[in-house]
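Peer 1: Below is a structure I'd like to ask you about.
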Amino acid sequence: MSRLWRVATTCFAISIALSDLADSGEIELDRAAVPGGLIIGKVIPRGQVRLNRELVRTTPTGVFVIGFGHNDRGAFELAARFDDGTTAIERLHVEKREYPTERIDGLPANMVTPSAEEQSRISRENGRITRLRRTDSDETWFAETFSWPVKGRISGVYGSRRILNGEKRQPHYGIDIAAPQGTPVAAPAPGRVIMAENDLYYTGGTVMLDHGHGLTSLYSHLSEISVSVDDQVRRGQTIGSVGATGRASGPHLDWRINLFDTRLDPALLAGPMPDQ
């Protein structure tokens, strides 16, 4: 029987000590499966892991990471096959998650319904972000504890159905944190800078970090950027400043986390917002 540490989604994310996990033919996971959630696991070295038959990358020590999207629900099978021919299976059940509706008014009309020329620019920029989210490095920074990049009022939550200037739009896949203009934004975990752009159409000043194995984080609407592409940053290092660039109605940070194309909830990694 494999071990599964089940923690409430509001608990602090835990840091995995890579040497302290599985030393037998088991699958070990650090938390329960929920929509928008990230799970870090381990099997014995050279164990081959699959989620619903899709191969999951593992480190030489057997560490792996899996994630569940905004609307994922139902049964998932996590299976590991070992060198001696034995297998271990963990059956995960993901419950449906309910999301709030958020209304945002006062945005410029072109930020809600861009022109054809602006749409072309948006497509180019979004295509670049999509390509960078496919980064698949060997690093294991994803196993570190994640902290909040800035303290402030949470003004937008993951998964919310958004109505912009009265028009329905796609759900919001990040966490919005309202803070004064110029407030420093810190890297929540170690990583490498793979994007540092001052003026993207929707996200304005934008930084993206690679945390390894397909896990990336994005920081939007920055007034200033303090890092450059290929910089390696430590947890707590300033990467920029809170602003209102791009599509923003006021100073705030939009923080997003992806596992390749799967959009995750940063709050499930960082836990409750610390006292300000």
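The values are calculated or read from the model by the stated rules, or taken from the named source; none is laboratory data. Quantities reported herein were computed from a predicted structural model and do not represent experimental measurements. Note that each Cβ is placed from the backbone with ideal geometry, even for glycine, and that neighbours are counted across all protein chains shown. Protein only, heavy atoms only, side chains kept; ligands, DNA and RNA dropped before computing areas. Shrake-Rupley method; radii C 1.70, N 1.55, O 1.52, S 1.80 Å.
Peer 1: Considering amide H positions built from the backbone, and no H for Pro or chain starts, which residues 5 or more places from Y173, or on another chain, come under 5 Å of its amide H?
Peer 2: Long-range HN contacts for Y173: G159.
Peer 1: For region 63-77, what does the Karplus curve 6.51 cos²θ - 1.76 cosθ + 1.60, with θ = phi - 60°, yield as ³J(HN,Hα) per residue in whole Hz, taken in order and with x for Gly and Pro?
Peer 2: Taking θ as phi minus 60°, the curve returns 7, 9, 9, 9, x, 10, x, 3, 10, 5, 7, x, 8, 10, 10 Hz for region 63-77.
Peer 1: How large is the Kirkwood hydrodynamic radius of region 179-276, in angstrom, based on all distinct alpha carbon pairs? Numbers along the way, then the final one.
Peer 2: On the way: mean 1/r = 0.0747 Å⁻¹.
That comes to 13.4 Å for region 179-276.
Peer 1: Counting other C-beta atoms within 10 Å, and keeping those with at most 15, which DSSP coil GluC sites (Glu not before Pro) do you find in region 60-140? Before the final figure, lay out each step's value.
Peer 2: On the way: sites: E77, E90, E95, E98, E102, E117, E118, E125, E139; in loops: E95, E98, E139.
In loop regions of region 60-140 (DSSP not H, G, I, E or B), the sparsely surrounded GluC sites (Glu not before Pro) are E95, E98.
Peer 1: Check which residues have an amide H placed less than 5 Å from E102's amide H, if you skip close sequence neighbours.
Peer 2: For E102, the qualifying residues are R161, R162, I163.
Peer 1: Moving to a separate point now. What are the ³J(HN,Hα) couplings of region 97-102, residue after residue, when phi is run through the Karplus curve with 6.51, -1.76, 1.60 and θ = phi - 60°? Round to Hz, x for glycine and proline.
Peer 2: The phi angles translate into 10, 8, 10, x, 9, 10 Hz.
Peer 1: How do the peptides 51-61, 176-186 rank, highest first, by the average count of neighbouring beta carbon atoms within 10 Å per residue?
Peer 2: Values: 51-61: 13.2, 176-186: 18.2.
By packing density, highest mean first, the sequence is 176-186, 51-61.
Peer 1: Can you figure out the FRET efficiency of Y99 with E167, using R₀ = 22 Å and their beta-carbon distance, to the nearest 0.05?
Peer 2: Working: r = 18 Å, r/R0 = 0.82.
So, using R0 = 22 Å, E works out to roughly 0.75.
Peer 1: Moving on. If amide H atoms are built 1.01 Å from N in the plane of the peptide, which residues on other chains or at least 5 residues away come under 5 Å of the amide H of G246?
Peer 2: When sequence neighbours closer than 5 places are left aside, the close amide H contacts are G204, G205.
Peer 1: Straight-line reach only, C-alpha to C-alpha below 18 angstrom: list the aspartates and glutamates that K96 could link to, leaving out same-chain residues fewer than 8 apart.
Peer 2: Qualifying aspartates and glutamates at Cα under 18 Å: D72, E77, D265.
Peer 1: Further question: Does region 57-141 come out rounded, prolate or oblate by the C-alpha gyration tensor, with a ≥ b ≥ c the root eigenvalues, rounded set by a/c under 1.5 and, if not, prolate when a/b is larger than b/c and oblate if not?
Peer 2: Values: a/c = 3.91, a/b = 1.87, b/c = 2.09.
Oblate.
Peer 1: Based on the Cα gyration tensor of the chain, what are the three equivalent ellipsoid semi-axes, each the root of five times an eigenvalue, rounded to whole Å and given largest first?
Peer 2: Working: eigenvalues 228, 77, 61 Å².
Listed largest to smallest, the semi-axes of the chain are 34, 20, 17 Å.
Peer 1: Ignoring ligands, DNA and RNA, what accessible area per residue does the chain give at 1.4 Å, in Å²?
Peer 2: Numbers: 13150 Å² over 276 residues.
That works out to 48 Å² per residue.
Peer 1: Here's another thing I want to ask about it. For q values of 0.10, 0.18 Å⁻¹, compute log₁₀ I(q)/I(0) with the Debye formula on a Cα-only model of region 92-222, without solvent.
Peer 2: Taken in order of the listed q values, log10 I(q)/I(0) reads -0.39, -1.27.
Peer 1: Filter the trypsin sites (Lys or Arg not before Pro) in region 188-260 down to the DSSP loop ones having no more than 16 other Cβ atoms within 10 Å, then list what survives. Don't skip to the end; give the middle numbers.
Peer 2: On the way: sites: R192, R234, R235, R247, R256; in loops: R234, R235, R247.
Hits after loop and neighbour filter: R234, R235.
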